[in-house]
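The values are calculated or read from the model by the stated rules, or taken from the named source; none is laboratory data. Note that the structure is predicted; figures quoted are calculated from it, not measured. No Cβ is skipped: glycine too gets one built from the backbone with ideal geometry, and neighbour counts run over all protein chains shown.
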Ligand SMILES: Cc1cc2nc3c(=O)[nH]c(=O)nc-3n(C[C@H](O)[C@H](O)[C@H](O)COP(=O)(O)OP(=O)(O)OC[C@H]3O[C@@H](n4cnc5c(N)ncnc54)[C@H](O)[C@@H]3O)c2cc1C
């Protein structure tokens, strides 16, 4: 299989291949044992441990990569960043999700923040001293992001945030939250410090990615001030949708990492397992599965990599990033399902990692816009007719 991977990676530059090789060595040694550990524990790392992990991936620019150098970032091109990100997701997708949230909170602060906000919030994120979460979804608000109910009330210079947020990644370990809420008759993004705002979090137990925090957050007149509004007041919805454009490609790449791990397990198992007098890899139907899996995975990867290039060009690409997100996440569900099938009975036991890959993959068609919503975005852009 190495020859197939090497041939596909011939489109990468020498620098990208070297970076990937070095990152793989570090991540394989440091993170692979932790994947197993947190899977067995069934909960995410605590805040201090997560900060240490962020500092480790930041040695390769995985927190600050999307931030320009003038804001203290590594200023990487998205293709190089995406190659490393996919590798992280192959080894430990739970950490990849946490990195995606931290990196995109930093990206939002770099894009929209005032000089003071960059000093107080962006720089500590880049130094892995603080952890951020981004709060859009609510109990009554999922796909219908326009209908957020969480509310900010001004009292002089102070703003009090009230409401409940749901499914918030990094919520448990967060030091501050970027909250999408109603303010002054429009939707705005407001930064709330955990110390000052005293918001509470409750971890949710879920099917897969159990090492990534997904929380309910409770804001009960959480206090913040007017200089904590991020970007243009009233532009919170537009800003959120713009950030989705980038985040969706990385959700796709998370799925590709999970799918790649499952494919590798399936190829190894098919060569080792003998039935009817030969390795099951020698049965045509099994080879057909493997060929489907490898092709679907590469097609998804190429869609995501095109998305990365379009984002770097700075052109509008919500159609292409929606294609990348729905296709990659749904293909990973199919690929990991076939990997379980190739393992037969062993595939559904905890003795082999494919059942974990399958559960992890099943999570990904939901966040950052479900598959149905991505298709509605594509359909609207094709026809000019909104269907949602
Ligand atoms: C692991 C994980 C991490 C997450 N992290 C965050 C986070 O950090 N911050 C955050 O704010 N949110 C986060 N989310 C929330 C996520 O963005 C929402 O779950 C998602 O937007 C879907 O919302 P919902 O779950 O309420 O489903 P709903 O919107 O209730 O949808 C239920 C079903 O109905 C379908 N549906 C809804 N509307 C339509 C329509 N018009 N046409 C056709 N079908 C439709 C959906 O596609 C879905 O199949 C996360 C979710 C997960 C699973």
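Summary of computed values
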{"read-out": "Residue check, residue 291 part of a helix (DSSP H, G or I) and touching a helix residue (DSSP H, G or I) at 6+ places or on another chain (Cβ under 6 Å)", "value": "no"}
{"read-out": "Filtered residues of the range 171-218 (kept if part of a strand (DSSP E or B), free of Cβ contacts under 8 Å to residues at least 24 places away in the same chain and over 30 Å from residue 355 (Cβ atoms))", "value": "200"}
{"read-out": "Top-ranked residue of the range 183-194 - restricted to ones that are away from the ligand (no atom under 12 Å from the Cβ) and either crowded, with 18+ Cβ neighbours inside 10 Å or not assigned by TED's automatic domain parsing to the domain that holds residue 216 (or both), ranked as farthest from the chain's Cα centre (by Cα)", "value": "183"}
{"read-out": "Number of positions in the range 195-215 that are within 16 Å of the ligand (Cβ to nearest atom), within 17 Å of residue 131 (Cα to Cα) and buried (at least 19 other Cβ atoms within 10 Å of the Cβ)", "value": "7"}
{"read-out": "In the range 368-388, the residues that are crowded, with 17+ Cβ neighbours inside 10 Å and at positive phi", "value": "368, 369"}
{"read-out": "Within the range 143-152, considering residues that are in contact (Cβ under 8 Å) with a residue 12 or more places away in the chain and surrounded by fewer than 21 Cβ atoms within 10 Å (Cβ to Cβ), the one farthest from the ligand (Cβ to nearest atom)", "value": "151"}
{"read-out": "Per-region count, the range 108-136, residues buried (at least 23 other Cβ atoms within 10 Å of the Cβ) and within 22 Å of residue 183 (Cβ to Cβ)", "value": "9"}
{"read-out": "Among the residues listed as 3, 22, the single one being without any contact (Cβ under 8 Å) to a residue 12 or more places away in the chain and in a helix (DSSP H, G or I)", "value": "3"}
{"read-out": "Subset of the range 130-142 (residues that are within 14 Å of the ligand (Cβ to nearest atom) and within 18 Å of residue 57 (Cβ to Cβ))", "value": "131, 132, 133"}
{"read-out": "Flag if residue 168 is assigned to a strand (DSSP E or B) and in contact with a helix residue (DSSP H, G or I) (Cβ under 6 Å, 6 or more places away or on another chain)", "value": "no"}
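The rows are residues; the columns are (1) modelled with pLDDT of 95 or more; (2) in a helix (DSSP H, G or I); (3) within 16 Å of the ligand (Cβ to nearest atom); (4) within 27 Å of residue 304 (Cβ to Cβ).
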{"position": "74", "(1), (2), (3), (4)": "yes, no, no, yes"}
{"position": "80", "(1), (2), (3), (4)": "yes, yes, no, yes"}
{"position": "97", "(1), (2), (3), (4)": "yes, yes, yes, yes"}
{"position": "120", "(1), (2), (3), (4)": "yes, yes, no, no"}
{"position": "128", "(1), (2), (3), (4)": "yes, no, no, yes"}
{"position": "154", "(1), (2), (3), (4)": "yes, no, no, no"}
{"position": "159", "(1), (2), (3), (4)": "yes, no, no, no"}
